[in-house]
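Values in this text are rule-based calculations from the coordinates and carry no lab data. Keep in mind it's a predicted model, so treat the numbers as computed, not measured. Note: ideal-geometry Cβ built from the backbone for every residue, glycine included; neighbour counts use all protein chains shown.
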Amino acid sequence: MDLFGHLRAYDYGEVHFKHDKASGLKAIVAIHDSRLGPALGGCRFLPYDTDEDAVVDALRLARGMTYKAALAGLPHGGGKSVLIRPKQHFDRVAMFRAFGKFVDDLGGHYITAEDSGTGLEDMEVIRTVTKHVTGVGPSHGGSGDPSPFTALGVRRGIEACVKFTLKRDSLDGVHVAVQGVGHVGYHLCKELHAQGAKISVADVDPLKAERAQREFGAVVVPLDQIFEIECDVIAPCALGSALNDTTIPKLKARIVAGAANNQLAQPRHGDDLHARGILYAPDYAINAGGLVNVAQEVQGYDAAKSRENTLRIFDTIFEIADRSAKTGTPAYRIADMLVEEKLVRFAKNGPAKS
């Protein structure tokens, strides 16, 4: 593996590795940038085919967190941790205690939170050995599951896209196809249903899709067909790289706006969407609600302030769409430019207070 080649490609930064023999922990903490403050980002716990796959996932995700935090005006850099899920039996509590000690050894340089494969219970275990964790239960001064805030922000981002592209002031009757109805996807469906949207869903787990059908009246679509149905908005809410050479030519929607990280398999796929006249809401811009929420814990949790800051995602997405249309530049490039503008400004004046 060309580790330093990967670091150059993603403009790093630093990477920390930990192997704890007793618990079986194999962990990677990627810290992409900490100019704006301590790196903040979730802990992903998934099986990986190779160690290189795990490292690259951590690098891509942490870079996205830098951009997400900067665009949201948070006093944090971008980081991410990846724990390689063992194939054999393991003690989950022991493993997350070992990971918590690893985070604590970094001295606050990285603050963790939940992500794919982890949840509130894991954060509570980590909390027993380090204070550098967010997303813990309200009884311990935290905010609990950040998924509802992520979904709220995505819903507001979809509303911005619909207003800009479809010239509609509400989601009533707007057809949104949601790929993945796990933690965030489920809450997004709840948000969309409350606004009167028509919903189609697909998930690798049929029970999750059926739950959305039962609770929100969603139409269940086969997983391999979700990107080719007639709809107004496609919302990728599963794992990354959903927008690729196979799916993009099939799209019949005018808007792509979802919660998943790293939706573009490669940056050029953002150009492909733009060339087809499809408005893409850059993932790190639209899905920042969860990060906004857990970042508030670092300062002393205030749910009202978290909600207020999350609602501003509407303005961010609308500005990106407007600048993209006026300049003829793909939306993902506009988002990157906005981040670079903020990083330069923060470097001169210090990070904004959230």
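Angle check, please: helix 313-327 long axis (alpha carbons) against the longest principal axis of the chain (alpha carbons), in degrees 0 to 90, nearest 10. Roughly 60 degrees between the two axes. Sequentially through the stretch 90-100, phi angles give Karplus couplings (6.51, -1.76, 1.60; θ = phi - 60°) of 8, 8, 5, 4, 4, 5, 6, 5, 5, 5, x Hz, Gly and Pro residues having no value and appearing as x.
Using a 10 Å cut-off on Cβ atoms, rank the peptides 195-206, 33-44 from the highest mean neighbour count down.
On the way: 195-206: 19.2, 33-44: 23.0.
Sorting 195-206, 33-44 by mean packing, highest first, produces 33-44, 195-206.
For the stretch 167-188, backbone nitrogen atoms closer than 18 Å to the point 7 Å from Ala194 Cα along Cα-to-C-beta are found at 170-174, 176, 182-188. Distance between the 7 Å Cα→Cβ label points at Phe17 and Arg268: 3.1 nm.
Taking a ≥ b ≥ c as the square roots of the eigenvalues of the Cα gyration tensor, an a/c ratio of 1.5 or more together with a/b no larger than b/c marks the stretch 188-310 as oblate.
Highest mean packing first, where packing is the average number of other Cβ atoms within 10 Å per residue, the peptides 163-176, 69-82 line up as 69-82, 163-176. Total lysine pairs in the stretch 220-354 at Cα distances under 30 Å, for residues eight or more apart or on different chains: 8. A simple packing score, the average count of other Cβ atoms within 10 Å per residue, orders the peptides 180-191, 6-17 as 180-191, 6-17, with the highest score first. The 3J(HN,Hα) values that the Karplus relation (6.51, -1.76, 1.60; θ = phi - 60°) gives for the stretch 205-211 are, in residue order, 9, x, 5, 5, 5, 5, 5 Hz. Gly and Pro appear as x.
Taking amide H atoms as placed 1.01 Å from N in the peptide plane, the amide H of Gly77 lies under 5 Å from those of Leu36, Gly37, Ala39, Leu40, each 5 or more residues away in sequence or on another chain. Here the average projected area of the convex hull drawn through the C-alpha atoms of the stretch 1-110 stands at 6.8 nm². Summarising the label geometry, the points placed 7 Å from Cα in the beta-carbon direction at Leu207 and Val93 lie 2.4 nm from one another.
To the nearest 0.05, how large is the calculated FRET efficiency for Arg312 and Lys250 if R₀ is 30 Å and r is the Cβ-Cβ distance?
Details: r = 33 Å, r/R0 = 1.10.
According to the calculation, E is roughly 0.35.
Here's how it looks for Gln263: its modeled amide H is under 5 Å from those of Ser241, Asp283, which are all 5 or more places away or on a different chain. Under 5 Å from the amide H of Glu114 lie the amide H atoms of Cys43, each residue being 5 or more positions distant or on a separate chain, with H modelled from the backbone and absent for Pro and chain starts.
Excluding same-chain residues fewer than 8 positions from Lys18, which lysines have a Cα within less than 23 Å of its Cα? Counting by Cα, and skipping residues close in sequence, Lys18 has these lysines nearby: Lys26, Lys80, Lys87, Lys101, Lys131.
Taken as Cα centroids, the stretch 44-66 and the stretch 175-207 sit 26 Å apart, rounded to the nearest whole angstrom.
Shown in residue order for the stretch 80-85 are the 3J(HN,Hα) couplings computed by the Karplus curve 6.51 cos²θ - 1.76 cosθ + 1.60 at θ = phi - 60°: 7, 10, 10, 9, 7, 6 Hz (x for Gly and Pro). Placing dummy labels 7 Å off each Cα toward the beta-carbon, the span from Thr329 to Leu166 is 2.8 nm.
Averaging the sequence gap over all C-alpha pairs within less than 8 Å and six or more residues apart, then dividing by the number of residues, gives the stretch 231-326 a relative contact order of 23 percent. Quick check: the angle from helix 147-161's long axis to the longest principal axis of the chain, C-alpha only, nearest 10 degrees? Orientation of helix 147-161: about 30 degrees from the principal axis.
Work out, step by step, the length gained on full extension between Ala275 and Asp302: first 0.36 nm times the residue separation, then minus their alpha carbon distance; give nm to one decimal.
Numbers: separation 27, 0.36 × 27 = 9.72 nm, distance 4.19 nm.
Stretched out fully, the Ala275 to Asp302 stretch lengthens by 5.5 nm.
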